[in-house]
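*Asks:* Mind looking over this structure? Questions follow.
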2 protein chains.
Amino acid sequence: MERKFNRGPAMRDVARAAGVSAQTVSRVLSNHPNVQESTRQRVMAAADELDYRRNNMARALVTGRSKTLGVLTLATNNYSRSSLALGVELGAREAGYTVNSVTSGLSAEALTGAVSRLVNQGVDGIIIAAPLRDAASTVRRLTMRVPTVNTDGSSGISDGLVGVDQDLAAVLATRHLLELGHATVWHVAGPEDWSDSAARLGSWRRTLEEAGREVPPELHGDWSPESGYRNGLVLGRMPEVTAILVASDEMAFGVIRALSELGRRIPEDVSVVGIDDIDLAAYSNPPLTTVRQSFEDTGRRAVTHLVELIANPGMDNPPDLAAPVLVVRGSTAPPPAA
Amino acid sequence: MERKFNRGPAMRDVARAAGVSAQTVSRVLSNHPNVQESTRQRVMAAADELDYRRNNMARALVTGRSKTLGVLTLATNNYSRSSLALGVELGAREAGYTVNSVTSGLSAEALTGAVSRLVNQGVDGIIIAAPLRDAASTVRRLTMRVPTVNTDGSSGISDGLVGVDQDLAAVLATRHLLELGHATVWHVAGPEDWSDSAARLGSWRRTLEEAGREVPPELHGDWSPESGYRNGLVLGRMPEVTAILVASDEMAFGVIRALSELGRRIPEDVSVVGIDDIDLAAYSNPPLTTVRQSFEDTGRRAVTHLVELIANPGMDNPPDLAAPVLVVRGSTAPPPAA
DNA sequence: GTACATTCTGTTATGGATAACAATCATAAG
DNA sequence: CTTATGATTGTTATCCATAACAGAATGTAC
C-alpha cells in the first residue's frame with residue numbers, strides 16, 4: 001500500500017538532521033543576517049541532502065502573504081488575452097510572485113464566481129482584465145479585502161486602472177486615413193460594453209467631427225475574425241466606403257478577407273487600419289497598417305502597480321495609460337481617384 | 001494607522017456568532033451529512049453576515065491537497081501556448097481546481113526553476129507544455145513527488161503524455177499536396193528539439209519516401225511568423241518549389257508573405273499548407289489550408305488525465321493522442337502546368 | 001427498563017512555517 | 001572585574017481549518 005507521491009520532509013526534519021532548531025532552519029532559508037556561517041552550511045547541507053522544499057502554504061498561512069497574484073481573463077482565446085497574461089506572468093516572476101489564473105464568461109455570476117475563487121485562494125492581489133458591467137458592484141465588495149488593478153475601465157473603477165490610451169489610438173488611426181485623403185472613415189467597433197471599445201468609438205467620432213466630416217453609422221463586432229468577416233461583407237457592398245478603422249487586428253483580418261471576396265482590392269479600393277499590432281499583422285496580405293499597443297507591457301505594468309499597492313495599501317492610484325503608436329504598412333493608401 | 005486591507009473573519013468568528021464550535025462550521029461548509037438543519041441555517045446566516053470566506057491555504061495545509069494544478073508553458077506568445085493554457089483553465093475549473101501558471105525560457109535552469117516554483121507552491125499536479133531537453137532528468141527528480149503530465153514528448157517521458165498525433169498531421173498534409181499532383185513537398189520545420197516538430201519532420205520524410213519522391217532538404221524556423229518569412233524568402237527564389245508544408249500556421253503566414261513579395265502567387269504558383277488551424281487561418285489571404293489540432297482540447301485532456309492520476313497515483317498512463325484533421329482552403333491547388 | 005445504535009456536536013491534535021520573546025555566549029567599554 | 005551590547009540560537013504561541021476521537025442526546029429493539 002505504498003503511495004507513489006508523498007509529502008516531503010518538513011522543516012523539523014532538516015532541523016533534526018542539522019542538529020539545530022526549526023527556527024534556525026527558517027532563518028537560514030530566509031537569509032536572516034544573524035546566523036553563524038558554520039550553522040548555515042550545516043543547515044544547507046541537510047536541506048540539500050533531504051531534498052527539502054519549503055511549504056509555501058504553511059508559510060503563507062503564518063505570514064499572511066501568499067506571494068501569489070490572481071489574474072482574471074475572459075475565456076476566449078484572443079491575442080490581447082494571451083499577451084496580457086504573458087506579461088503578467090513575466091512581471092510577477094520578476095517581482096517574486098506566482099500567478100493564479102482564472103477565466104470567466106461575461107455573465108455577472110461567472111465574473112463574481114471567478115473573483116470569488118481568487119479571493120478564496122488567498123491571493124495577495126488581483127488583476128482584472130475583463131469588463132465587469134453589472135458585476136462591478138458585487139466584485140467591488142469582494143475585492144474590499146484584496147488590492148486590485150483593472151485593465152478595463154468600463155466598470156467605473158478608475159482607481160487602479162492600467163492600460164493604453166484608447167482615445168489616442170483611435171485618433172491616430174482616424175487621422176492617418178483622413179490625411180491620406182479619404183472623405184470619411186467607417187468604423188467596425190468592438191462589443192459595446194468594453195471600455196476600450198467605447199473609448200475608441202467615441203474618439204473616432206470626435207476626430208471626424210472635429211475635421212468636419214460626415215460620421216457614418218458604426219458597426220459592431222465581438223473581437224473575433226469571424227465577426228470582422230461579417231461586417232466586411234456589409235461594408236464591401238457599399239461603393240462609398242473607402243476607409244475603415246477596425247477596432248482590432250483580428251477583426252481586421254476578417255474584414256479584409258470579406259472585402260477581397262467581394263472584389264475590393266486592399267489598399268487600392270479600400271484602406272483598412274487595425275488596432276493592436278498582433279504578431280501576424282506584419283505578415284498578412286497586404287501587411288496591416290495598425291496602431292500598436294503592447295498588451296504584454298500592460299500586463300507587466302499592472303503587476304508593478306499591484307505590487308506597489310500591496311506594499312502600500314493607502315497609496316494614490318491614478319490611471320496609468322501608455323501611449324500607442326501608429327504603424328503604417330501596406331493596407332492603407334490614398335482613396336481611388338473618383 | 002488603519003490598514004485598508006485586512007484579514008477577514010476566521011472560522012472561529014463564525015462559530016462564535018452562530019453559537020457553535022468551529023468544527024461544526026467546518027461541517028456545514030463541507031456539506032457533511034450529520035448536521036441539524038437549524039444549526040446549518042444558523043451557521044450559514046452567521047457566515048453570510050460576516051462575509052466569511054474559508055481560507056484555502058489553511059485547508060490545504062491540513063488536508064494535504066491544495067486543489068491547485070500547475071501549468072508550465074514557454075514565455076512566448078504563440079497560438080498553441082495560449083489556447084492550451086485556456087483549455088487547462090477550463091478543464092481545471094470544471095474539475096474543481098484552480099490553476100497556477102508559470103512560464104519559462106528554454107534553458108535548463110529556467111525550466112527547472114519554473115517546475116521548482118510549482119512544486120514549492122504545493123500544487124497537486126503539474127502539466128508541462130514545453131520541451132525539456134537536457135532539463136529532463138532534473139525535472140523528473142523534482143516531479144517525483146507530484147503527479148505530472150506532459151504535452152511534449154521530446155523529454156522521453158512518454159508516461160503521462162497527452163497531445164495530438166503529429167505523425168498523422170504531417171501525413172495528411174503531405175499526401176494532400178502529392179495528391180494535387182505536386183512532384184514533391186518542401187518542408188519548413190519547427191525547432192529541432194521540439195518533439196512535435198521532430199515527429200512532423202520524420203513523418204513528412206517518410207511519406208515522401210513511401211511515395212517514391214525526392215526528399216528535399218528541410219528548413220527550420222522557430223514558430224514565429226518572422227522565421228517563416230525568412231524561410232519563405234529562400235524558397236521563393238527557387239522555381240522548382242511548388243508545394244510547401246509549414247510546421248505551423250503562424251510560420252505559414254510568414255512564408256506566404258515572403259512568396260508574395262517575390263511575386264509567386266498562392267496557390268497558382270506555390271501551394272502552402274500550415275498546421276494548427278489558428279483562428280485567423282480561415283481569414284488570411286488566401287485562406288490557409290491546414291491541419292487542425294485543438295490545443296484547447298489538449299489542455300482539457302491533460303487536466304482530465306492529471307486529475308485521474310492524482311486520484312490514482314499508480315495507474316497506467318499510456319500516451320493519449322488525438323487525431324488531427326485536414327482542412328482544405330484556398331492556399332493549395334494543383335501545380336502550375338510546366 | 002436495559003442495551004445498543006444513530007445522530008449531532010464539541011475537544012484535542014495536527015499540518016508546516018514564522019513572529020515574538022527568551023536565553024546564552026562572547027566581546028567591548030568603563 | 002562588571003556591565004552593557006550584540007550575535008547567535010532556542011522556545012512558545014500563532015496562523016486557520018480539518019481529522020480523529022469523545023461525549024451527549026435521541027431513538028430503537030427486546
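The values are calculated or read from the model by the stated rules, or taken from the named source; none is laboratory data. Keep in mind that what you see is a predicted model, and the values were worked out from it rather than measured. Note: ideal-geometry Cβ built from the backbone for every residue, glycine included; neighbour counts use all protein chains shown. With ligands, DNA and RNA removed, areas are computed over all heavy atoms of the protein, side chains included. Shrake-Rupley method; radii C 1.70, N 1.55, O 1.52, S 1.80 Å.
*Asks:* I'd like to know if region A:69-84 contains one or more residues that are open to solvent by 40 Å² or more (accessible area, probe 1.4 Å), at the interface with another protein chain (Cβ under 10 Å from one of its Cβ atoms) and away from DNA strand C (no atom under 14 Å from the Cβ).
*Replies:* Yes - at least one qualifying residue is present in region A:69-84.
*Asks:* Take the residues in region A:134-158 that are more than 17 Å from the chain's Cα centre (by Cα), open to solvent by 20 Å² or more (accessible area, probe 1.4 Å) and within 19 Å of A:SER197 (Cα to Cα); name whichever of them is modelled with the highest pLDDT.
*Replies:* Ranking the candidates gives A:ASP134 first.
*Asks:* State all residues of region B:31-48 that are within 24 Å of A:THR143 (Cα to Cα) and within 12 Å of DNA strand D (Cβ to nearest atom); if no residue qualifies, say none.
*Replies:* B:VAL43, B:ALA47
*Asks:* Give all pairs with beta carbons closer than 8 Å in which a residue from region A:18-45 that is in a helix (DSSP H, G or I) meets a residue that is more than 9 Å from DNA strand D (Cβ to nearest atom) and open to solvent by 90 Å² or more (accessible area, probe 1.4 Å); count only pairs at least 6 apart in sequence or on separate chains.
*Replies:* As it stands, the answer is A:ALA22/A:ARG12; A:VAL28/A:MET44, since those pairs meet every condition given.
*Asks:* Output the number of residues of region A:48-68 satisfying the condition of being near DNA strand C (Cβ under 10 Å from one of its atoms) and either more than 30 Å from A:SER116 (Cβ to Cβ) or part of a loop (DSSP other than H, G, I, E, B) (or both).
*Replies:* Residues meeting the conditions: 6.
*Asks:* Quick one: in region B:100-122, of everything that is farther than 19 Å from B:GLY64 by Cβ and β-branched (Val, Ile, Thr), which residue is surrounded by the fewest Cβ atoms within 10 Å (Cβ to Cβ)?
*Replies:* B:THR112
*Asks:* Would you mention how many residues in region A:234-263 are open to solvent by 30 Å² or more (accessible area, probe 1.4 Å) and more than 12 Å from chain B (Cβ to nearest Cβ)?
*Replies:* Within region A:234-263, residues that are open to solvent by 30 Å² or more (accessible area, probe 1.4 Å) and more than 12 Å from chain B (Cβ to nearest Cβ) number 7.
*Asks:* Tell me, which residue of region B:29-43 that is open to solvent by 100 Å² or more (accessible area, probe 1.4 Å) and more than 10 Å from DNA strand C (Cβ to nearest atom) is farthest from the other protein chains (Cβ to nearest Cβ)?
*Replies:* Per the stated criteria, the residue is B:GLN41.
*Asks:* Return the residues of region A:11-28 that are more than 6 Å from DNA strand C (Cβ to nearest atom) and open to solvent by less than 40 Å² (accessible area, probe 1.4 Å); say none if nothing qualifies.
*Replies:* Residues satisfying the conditions are A:VAL14, A:ALA15, A:ALA18, A:VAL20, A:THR24, A:VAL25, A:VAL28.
*Asks:* On to the next question. Contact list please: Cβ distance under 7 Å, first residue in region A:47-67 and more than 7 Å from every other protein chain (Cβ to nearest Cβ) and surrounded by fewer than 16 Cβ atoms within 10 Å (Cβ to Cβ), second residue outside any loop (DSSP other than H, G, I, E, B) and among the hydrophobic types (A, V, I, L, M, F, W, C), pairs at least six apart or on different chains.
*Replies:* From region A:47-67, the pairs are A:GLU49/A:ALA17.
*Asks:* A:VAL88 versus (1) part of a loop (DSSP other than H, G, I, E, B); (2) closer than 22 Å to B:GLU296 by Cβ; (3) open to solvent by less than 10 Å² (accessible area, probe 1.4 Å): which is the lone unmet condition?
*Replies:* (1) is the only condition that A:VAL88 fails.
*Asks:* Right, another one. Taking only region A:306-335 into account, find how many residues are of a type outside the set (A, V, I, L, M), at pLDDT below 95 and open to solvent by less than 60 Å² (accessible area, probe 1.4 Å).
*Replies:* Selection size over region A:306-335: 3.
*Asks:* Check every one of the strands (runs of 3 or more DSSP E) wholly within region A:117-213 and list those with 1 or more residues that are within 14 Å of chain B (Cβ to nearest Cβ).
*Replies:* A:125-129, A:148-150, A:186-189
*Asks:* Quick one: in region B:264-305, which of the residues that are surrounded by fewer than 22 Cβ atoms within 10 Å (Cβ to Cβ), within 25 Å of the chain's Cα centre (by Cα) and not in a helix (DSSP H, G or I) is farthest from the other protein chains (Cβ to nearest Cβ)?
*Replies:* Here the residue is B:ARG292.
*Asks:* Take A:SER116 and decide whether it is within 15 Å of DNA strand C (Cβ to nearest atom) and farther than 30 Å from A:ARG292 by Cα.
*Replies:* The answer is no for A:SER116.
*Asks:* Determine whether B:ASN78 is closer than 18 Å to A:LEU86 by Cβ, out of contact with any Leu (no Cβ under 9 Å at 6 or more places or on another chain) and modelled with pLDDT under 95.
*Replies:* In short, yes.
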